[in-house]
Structure formats: structure tokens, C-alpha cells
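Report on the structure given below.
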Amino acid sequence: MSAACQLIPPIDAPAARRIASAGVSLIVLTVLAFLAQGPTVAEADDACDRFAAVSGSDTANGTFNRPFATPQRLVDSLSPGETGCMREGTYRGHAVFRTGGLADERKALQSFPGERAKIAGQVRVLESAAFVTIRTLDLDGSTAPRCGAATTCSVQASPWIQGDDTVVSDNDITNQNAGICVLVGTSGRSPAERTAFEYNRVHHCGRRPWGNLDHGFYLENATDTRIERNLIHDNVDRGVQLYPSSTGTVIRNNVLDGNGENVHFGGSSSDNRIEGNVITNARIRHNVESFASTDTRNTVRRNCVWGAPAPVLLPPRASSRLRSASRRTTTSSPIPGTWTARTGTSGSATKAPAERC
């Protein structure tokens, strides 16, 4: 097995069957060191500073015995260095971070250890909030605030990250096909810097039918983003879109499967790296596409790529670095021993040896 196909998150049965058809061992898809038992209640109490419970009250003081009722009240109560823990259950409402923590005293929102809480609403980190961590939650953005009439979206993204140095870890993220799930940065504003996504499952995002607008990850205006060890599957449009300005992104050791298109570079996005991923079964377009980039310097290398109309689509003006790197990507195709890298609209092909991932 290729070294590119190691340490990736657990997945549901349909996605597992699709990836297995590419020759990827299911062992690496189901065994993860990070799936450990939660601490005892005594240990959990030490890990949490404020609490919320579906049976709580926002007029309470947020202690273990007198928890808040809503995620927003919990978030608003946190000081730098504090962690807010949500007891098991579904919370209907939003959680917006307006202020953040410090480099060595982050603000954190998470499930109570050993339990799993769900936020049915929007989670958002504003530009004014840095050093925030969001972890171990189920995030359903289908009831996020509606978009304005002059926009192309239906509901706002969730989580929407605009602040710097945010960590989003070990969450289940969807919006039940309502629109974009994860949005990083906002065009015309300062870029969101150094956002990290790890060990998340991002799935069933985007309105049907396919409209080329709604994605699992949308890196709109972002610098030095890390997307590592996530499962990104069954999103209607792109699994990850880098457009119009995403620089210094690292997309590494993820599974991207069954998205309309798995990864897309566009606009002026540059100096991004895609490496060590399993990238399979794009449903509508390509597994990896670079389109209309004015300043690429993007690298695609050492990935396992299989099962799309063509593995990689590059524009005629794509840099030689991107072309040569994409040809080194490990690929399996329905025709053993060959794969096709299409360049531009003419469809010119380059063939190279392929191996099972």
C-alpha cells in the first residue's frame, strides 16, 4: 500500500465500498488512534470551566450543577484560557465568537468529555476573535441564518471562520444539503490566517441538483490553512474549493470521495500543496482541477487518485511545476496501467504508469 494512504478517518459504509473499489485497504479507513475513551466525570469536570445542558437556563451561572441552556450564552461566558463544555443533546441556536483567546490561552467550545453534543445552527468565528478551538461536536448548519436576496447562497456557511488561528477538530459537519458547509475568510476583508482542520467528517453539503456553488470546504480568502486527516465525502459540488484567493494551504492525509469534484484551484490561489490524500470517485467533474489560476505555484503530489472522468484537469497556462507534480501522483484507473491528465479544453493527454493505491 502506498504511504499516501495511511491514517485517515473512519467512514460510512457506502463511501467505504467506493474507496475499497480503488484498492485501498479498509483497515486504514477504520482504525484510528484518536478514537479513545473519554475521561471520567471527575476528570471531565477538571477539563471544563463552563457548562451548558439542554435542560439548563441562560440565567444560571454556567457551573456543572447550574449549566447554561444555549451555546451562545456559553461562548459569551468564556474568558481566554477557558473551555466551555456542552452536555449531550441537540441545541437549537447559534454560537458566534466575537472575542477570542490568546496564543497560550485559547477559548474552546466542545462536547462534555465522553458525550456528544449537537449544534443545530451556525457556528461562526468573527475577525475580532483569534485563538479559538471548536472540537468534538456535531455541527448541523441547515438552520444557519438565511443569505441575503442579492446573493447566490440559501443559508450562510457553518462553521464560518473569519478570525485567525482557529482550530476545528474532531467534528461531524453537515447542513443536510442546504449550502456551503465550511467557509474560511471573506472576500474584500483581511484573510483568515492559520486555520487548522483535523479529524473532521464533512459531508452532504450543497444544494441539489449540482450548481457549481456549494462546497464542503470553501477557502475564499485564506492564508496558511491546514486541512489534515479529514473525511470529506458526498458533497454536491467541490469537496475543497480554493477560490478566489487561498495561499499557503496544505491539504494532506485526507480522504476525499464521491464529491461532485474533489479539489479545485481557482482565481489567484497559489503556493498550495495537495499531498498524501486518497482522492476518489468524483461524480461530476474531476478529482483535481486547476482552472483560471493567474499565479499557481500549486503542487499536487503523492496522492492516490481513482475513479473520475479524468484524474486531473489543468489549464494550458498551468505551471510546469504543477504539471510535473500531478504526473507523479499515484493513480489507478479503470484501464490498468494508464491514466490521463487533461490540459485545457483540447483534451490533450499524457499517459503514465499507475499502481493500485
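The values are calculated or read from the model by the stated rules, or taken from the named source; none is laboratory data. Source: prediction; values computed, not measured. All Cβ positions, glycine included, derive from the backbone under ideal geometry; neighbour counts span all protein chains shown.
If the condition is being hydrophobic (A, V, I, L, M, F, W, C) and surrounded by 15 or more Cβ atoms within 10 Å (Cβ to Cβ), then region 103-128 contributes Ala108, Leu109, Phe112, Ala117, Ile119, Ala120, Val123, Val125, Leu126.
Is region 150-168 home to any residue that is surrounded by fewer than 21 Cβ atoms within 10 Å (Cβ to Cβ), under 30 Å from Gly307 (Cα atoms) and either basic (Lys, Arg) or modelled with pLDDT of 95 or more (or both)? Checked against the condition, which is being surrounded by fewer than 21 Cβ atoms within 10 Å (Cβ to Cβ), under 30 Å from Gly307 (Cα atoms) and either basic (Lys, Arg) or modelled with pLDDT of 95 or more (or both), region 150-168 yields no hits at all. The sole residue among Asn235, Asn277 that is polar (S, T, N, Q), in contact with a helix residue (DSSP H, G or I) (Cβ under 9 Å, 6 or more places away or on another chain) and crowded, with 24+ Cβ neighbours inside 10 Å is Asn277. Within this structure, Ala282 fails the test of being modelled with pLDDT under 85 and either part of a strand (DSSP E or B) or in contact with a strand residue (DSSP E or B) (Cβ under 7 Å, 6 or more places away or on another chain) (or both). Contact map, region 193-212: first residue at positive phi, second residue assigned to a strand (DSSP E or B) and at pLDDT 90 or above, Cβ cut-off under 7 Å, separation 6 or more or different chains; pairs are Tyr199/Ser169; His204/Thr174. The set of residues in region 56-73 that are over 17 Å from Thr166 (Cβ atoms) and part of a helix (DSSP H, G or I) comprises Gln72, Arg73. Of all the residues in region 82-102, those that are among the aromatic types (Phe, Trp, Tyr) and either modelled with pLDDT under 95 or surrounded by fewer than 20 Cβ atoms within 10 Å (Cβ to Cβ) (or both) number 0.
One residue stands out in region 287-321 among those that are at pLDDT below 90, part of a loop (DSSP other than H, G, I, E, B) and surrounded by 24 or more Cβ atoms within 10 Å (Cβ to Cβ): the one that is nearest to the chain's Cα centre (by Cα), namely Asn298. Count of region 74-93 residues, restricted to those that are in contact with a Ser or Thr (Cβ under 7 Å, 6 or more places away or on another chain) and assigned to a loop (DSSP other than H, G, I, E, B), is 1.
Considered as a group, the residues in region 254-273 that are in contact (Cβ under 8 Å) with a residue 40 or more places away in the chain and part of a loop (DSSP other than H, G, I, E, B) include one that is surrounded by the fewest Cβ atoms within 10 Å (Cβ to Cβ), and that residue is Gly258. Restricting the first member to region 123-141 and to residues that are of a type in the set (A, V, I, L, M), and the second to residues that are surrounded by fewer than 22 Cβ atoms within 10 Å (Cβ to Cβ) and in a helix (DSSP H, G or I), no beta-carbon pair is closer than 6 Å while six or more apart or on different chains.
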